[in-house]
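Input: a single structure, listed below in structure tokens.
The values are calculated or read from the model by the stated rules, or taken from the named source; none is laboratory data. These numbers were taken from a predicted model, which means no experiment stands behind them. Here Cβ is always computed from backbone atoms with ideal geometry, including for glycine, and neighbour counts include all displayed protein chains. These accessible areas exclude ligands, DNA and RNA; they are computed on the full protein's heavy atoms, side chains included. Shrake-Rupley method; radii C 1.70, N 1.55, O 1.52, S 1.80 Å.
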Amino acid sequence: MQNKRRHETGFFQSFELFLEKFVPGYRTGTYADAGGGHSVAEFKAELASDDQFSNVMVQRWDWPRTFTTESFEAFALSTIQLKMARTAHGNDIIIKELRSILSDHCDAVGTIDVTYSTELTTAVRTVQ
């Protein structure tokens, strides 16, 4: 199961561009991996290519979330991507850039509406 940012438009589109600019090795649609870099997570393809699994299915649900600029900043700064960006570029630069994006996208009361998509990939194990 993964919760993914819907990054096609709006705030998350700008946030993804920010991540690509400041997080070493990050590209939209990639995730932190065990090797300390970023890679694509293709659960459906991995399960479908393994003859121990059948009936691979992906289900998705979109859901909205509202952040205040402060709550999103705190959340973002706790992620591995922003920790990598802060190490590479310094805390002051990253916070300044993040706050600029937040300011560009928040409404008059300081909130930002975003959409996430929960993706659940399931399969039946055919070999024991």
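Looking across the range 116-128 at every residue that is part of a strand (DSSP E or B) and over 19 Å from the mean Cα position of the chain (by Cα), the one that is nearest to TYR26 (Cα to Cα) is identified as THR122. Among the residues of the range 28-84, the ones that are open to solvent by 90 Å² or more (accessible area, probe 1.4 Å), farther than 20 Å from GLY10 by Cβ, assigned to a helix (DSSP H, G or I) and in contact (Cβ under 8 Å) with a residue 24 or more places away in the chain come to 2 in all. Candidates are the residues of the range 116-128 that are over 22 Å from PHE75 (Cβ atoms) and among the hydroxyl-bearing types (Ser, Thr, Tyr); the one that is least open to solvent (accessible area, probe 1.4 Å) is THR121. Residues in the range 92-115 that are assigned to a helix (DSSP H, G or I) and open to solvent by 60 Å² or more (accessible area, probe 1.4 Å): ASP92, ILE93, LYS96, GLU97, ARG99, SER103, ASP104, HIS105.
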